[in-house]
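Below is one structure, written out as structure tokens; comments come after it.
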Amino acid sequence: MNILLTGGLGYIGSHTAVELLDAGFDVVVVDNLSNSDIKVKDKIEKITNKKIKFYEYDLRDLEKLKLVFNENKIDAVIHFAGLKAVGESVEKPLEYYENNLFSTINLIKVMKEYGVKNLVFSSSATVYGRAKSMPIYEDFPTSATNPYGRTKLFIEEILKDFELANPEFNIALLRYFNPVGAHKSGLLGEDPKGIPNNLMPYIARVSVGKLKELSIFGNDYNTKDGTGVRDYIHVVDLAQGHLAALRKLEQNPGLVIYNLGTGVGYSVLDMVNAYNKCCGGKVKYKFAPRRPGDIDVCYASPEKAYKELGWKATHSLEDMCESTYNFQKNNQ
Ligand code: NAD
Ligand code: UD1
């Protein structure tokens, strides 16, 4: 089977490409390299000893996208491509709406034209906004607190309308919790441009001396140690969740929604302490004020994905920290 990955050279897409190739799928990637590097293609090929077909196209370019479908018989699409920085989305909302929404609309138009009916979409736990209770189930109400989150919410709604009008389509909305970690080879991982906004990449840079110390945003939350709690999931577990979703779509389920998380919440201090065990205590930190818009606790119920996809996360917190440190040391 030939799977098209949009944004396939990015952090989650590249790990998914490896899992797909290892499982015997063929992979075609479309990525405009706005937040990734062409070297990732070689790394995927080195890890798997297989080739991928790559197009440096922007999904907003409809004619180019059609070329990809003309040249390849695509069986299913996993749609990772998108801009994802919350803070930047507040400053540049139109860029986010234009990139994320137009890309998706082009993609489903072309899929319909070429009769490609199975689509997996990268959504996010951000669509739950401030959930009233934990864990979060898929039928909880959705809302958004920033333009990035709204693009995810709008795309979910667009895909629901599209599937209603085109019931032959099968669409999986995968709501990721907090992806962290790296490939065990040390070749693939998360390497954001500039100063990282998210916790794990920031910790990783401190651990190799590229940043001085971590600021922990808030120690007065209503949690066991006062710091924010999240559901961190190893990116390889997440990648495998996409294979499970593709298998599900072959049963013609229509539109389905799954949380991809572990169901376990760790605090910022849990993360720092676990990471310090791997790297010999190199992560210094200080407490700083809360980050505006942050919530105290967020973790998934991963039960539905387990029951219906037979998927669950297996990597430990130690795996998440060790692989991150290994990747960071390898990519100085
Ligand atoms: P990433 O930035 O590493 O990967 C996204 C890729 O899409 C990049 O390689 C980028 O160059 C490409 N891209 C962006 N716009 C494009 C366009 N118009 N045309 C072609 N390529 C384009 O991000 P990631 O962490 O791998 O995330 C993948 C998806 O998962 C995104 O949609 C993101 O919003 C979603 N998601 C990520 C997280 C997370 O914490 N990493 C959490 C929840 C959801
Ligand atoms: C972020 C995104 C969210 C996305 C989610 C999925 C933001 C504001 N939100 O959520 O839209 O769905 O990733 O991956 O980017 N922290 C620190 N110091 C830091 C960085 C973070 O203490 O330098 C804390 C935060 O306050 C939070 C935790 O670490 O408690 C995790 O933060 P982060 O990695 O940014 O993820 P989220 O805020 O959960």
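Summary table
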item: Burial ranking of peptide ranges 190-196, 253-259, 301-307 (average Cβ count within 10 Å, highest at the top); result: 253-259, 301-307, 190-196
item: DSSP-defined beta bridges in the chain - what % are antiparallel, rounded to 5; result: 5 percent
item: Residue among GLY189, GLY228, GLY115 with the largest mean-square fluctuation in a Gaussian network model of the chain, springs linking Cα atoms under 10 Å; result: GLY115
item: Of LEU174, LEU269, LEU238, the one that fluctuates the most in a GNM where the chain has Cα springs shorter than 10 Å; result: LEU269
item: Estimated 222 nm signal from helices in the chain, with DSSP H stretches of n ≥ 4 weighted -39500 (n - 2.57), rounded to 500; result: -11500 deg cm²/dmol
item: Taking the convex hull of Cα positions in segment 150-293, its mean projected area over all directions (nm²); result: 10.8 nm²
item: Part-to-part distance (alpha-carbon centres) for segment 254-330 and segment 155-222, which is given in Å; result: 10 Å
item: Long-range HN-HN contacts of ILE257 with modeled amide H, under 5 Å; result: LEU173
item: Debye-sum result for the chain in log10 I(q)/I(0), which assumes one identical scatterer on each alpha carbon, at q = 0.08, 0.09 Å⁻¹; result: -0.35, -0.44
item: Length added when fully stretched, ALA165-SER316, from 0.36 nm per residue minus Cα-Cα; result: 50.2 nm
item: Restraint check, LYS84/LYS312; LYS73/LYS329; LYS41/LYS284, Cα-Cα greater than 28 Å; result: LYS73/LYS329; LYS41/LYS284
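Read-outs throughout are calculated quantities, based only on the coordinates presented, and are distinct from any laboratory measurement. Since we're looking at a predicted model, the values are computed, not measured. Backbone-built Cβ (ideal geometry, glycine too); neighbour counts: all protein chains shown.
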